[in-house]
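What follows is a set of notes on a single structure, which appears directly below.
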Amino acid sequence: MISISHKAKQFLVLLIKLLIAGGAFYFIYNQLADNDKLDWEKFIILFKKNQSVTGICFLLLLSILNRFFEILKWQNLVSYLHKMALPEATKQVLGALTAGLFTPNGVGEYAGKALFFEKIYTKKIIFLNLICNGIQMILSIVFGIFGLLYFNANYNVITTKTVAILFGLFFLLFLVTFGLKKITVKGYSIEKLIHKINEIPKSIHQKNIFLAICRYLVFSHQYYFLFLAFDVDLPYLTMMATIASVYFLASSLPTFQFLDFAVKGSVAVYFFGILGVNEWIVVFISTLMWFLNVVLPVIIGSYYVMNYKILSPTLSKGEGDVT
């Protein structure tokens, strides 16, 4: 086995930190500067017309709450292993978000959080992160399906027959999945996964669901208030149903965090186009959502990445005790 000296390891870690942080800022700048669909002149005119310090502060508050609920979710789930202070949970969530910026569907986030723990906890941390992200995905699916049904009932995007067929296929897939739950692939099965989930106390699951609902309501309403700021006047239920549909369909597509606004933007352009909303407004709002909820946290997360230190073989007393 090749042995790496301590100095070489420190240099390698520093290089990785610089690549992650530098790459993050490069992609952010590239997406904002080279996007020809962003009409900055129109944005400046509208901003001057509707500028409000209170409105800007309110939107920033919603971005803070969005990540704050995610941090609380992570702190709550990790309490299954050991107690964690809020600043530590913040460091792990934002640092992992930055590390997962260049990976499909934020897969790198799983490895990013695992790096803050000893290797013996890697599988448990990945599993807890799966639950953390999984509940958010389930909520996006549930709200998204209801949103699509409401949207389709009013605008007839697809026929009732097609809706029935799609529900039939989803139901069939559900039955097949649970019918094969005992089948094991490389030591893993759905039944084993359910058993592992049930090992976590119900109180933790209940709090996780509550925080996930709070987070969903925050970022979906942030989207809604941005449309109001851009003088888009549509019924509340129509707007929320469309937003839920966009998030559901966009989250179903494989993408990278730094391209998140492009994917959500393209889906949003289609749906809001049916409602008669100008394309440039939809693209701008999608970009602002990305900036407020991904770019700003990544900038803070870059600080945590640059200050990351390799864990010593043994955590200090009280940091890694399994309850």
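The values are calculated or read from the model by the stated rules, or taken from the named source; none is laboratory data. Predicted model only: the values in this text are computed from it and were never measured. Heads up, the Cβs are rebuilt from the backbone with ideal geometry, glycines too, and the neighbour counts pull from every protein chain shown. We work out accessible area using only protein heavy atoms, side chains counted, and drop any ligands, DNA or RNA first. Shrake-Rupley method; radii C 1.70, N 1.55, O 1.52, S 1.80 Å.
For region 266-281, state whether one or more residues are at pLDDT below 95, open to solvent by 50 Å² or more (accessible area, probe 1.4 Å) and at positive phi.
Checking region 266-281: at least one residue is at pLDDT below 95, open to solvent by 50 Å² or more (accessible area, probe 1.4 Å) and at positive phi.
Among the listed residues VAL263, VAL295, identify the single one that is at pLDDT 75 or above and open to solvent by less than 40 Å² (accessible area, probe 1.4 Å). Show your work before the answer.
Numbers: VAL263 fails: at pLDDT 75 or above.
Checking each option against the conditions leaves just VAL295.
Is it true that ILE2 is at pLDDT 85 or above and among the β-branched types (Val, Ile, Thr)?
no
Could you grab me the full set of residues in region 198-234 that are of a type outside the set (Phe, Trp, Tyr), assigned to a loop (DSSP other than H, G, I, E, B) and open to solvent by less than 80 Å² (accessible area, probe 1.4 Å)?
Applying the first criterion (of a type outside the set (Phe, Trp, Tyr)) to region 198-234 yields 198-209, 211-215, 217-218, 220-222, 226, 228-229, 231-234.
Imposing the further condition that a residue be assigned to a loop (DSSP other than H, G, I, E, B) reduces the set to 200-201, 231-234.
Residues satisfying the conditions are ILE200, PRO201, VAL232, LEU234.
Could you please find all residues in region 88-106 being closer than 22 Å to PHE69 by Cβ and of a type in the set (Val, Ile, Thr)?
Selection gives THR90, VAL93, THR98.
Quick one: which of GLU109, GLU88 is of a type in the set (Asp, Glu), modelled with pLDDT of 90 or more, within 24 Å of the chain's Cα centre (by Cα) and at negative phi?
Numbers: GLU109 fails: modelled with pLDDT of 90 or more.
Testing whether each residue is of a type in the set (Asp, Glu), modelled with pLDDT of 90 or more, within 24 Å of the chain's Cα centre (by Cα) and at negative phi leaves just GLU88.
Within region 59-107, count every residue that is more than 15 Å from VAL295 (Cβ to Cβ), outside any helix (DSSP H, G or I) and open to solvent by 30 Å² or more (accessible area, probe 1.4 Å).
Counting residues in region 59-107 that are more than 15 Å from VAL295 (Cβ to Cβ), outside any helix (DSSP H, G or I) and open to solvent by 30 Å² or more (accessible area, probe 1.4 Å) gives 8.
Output the number of residues of region 206-231 satisfying the condition of being farther than 24 Å from LEU59 by Cβ and without any contact (Cβ under 8 Å) to a residue 40 or more places away in the chain.
Number of matching residues: 1.
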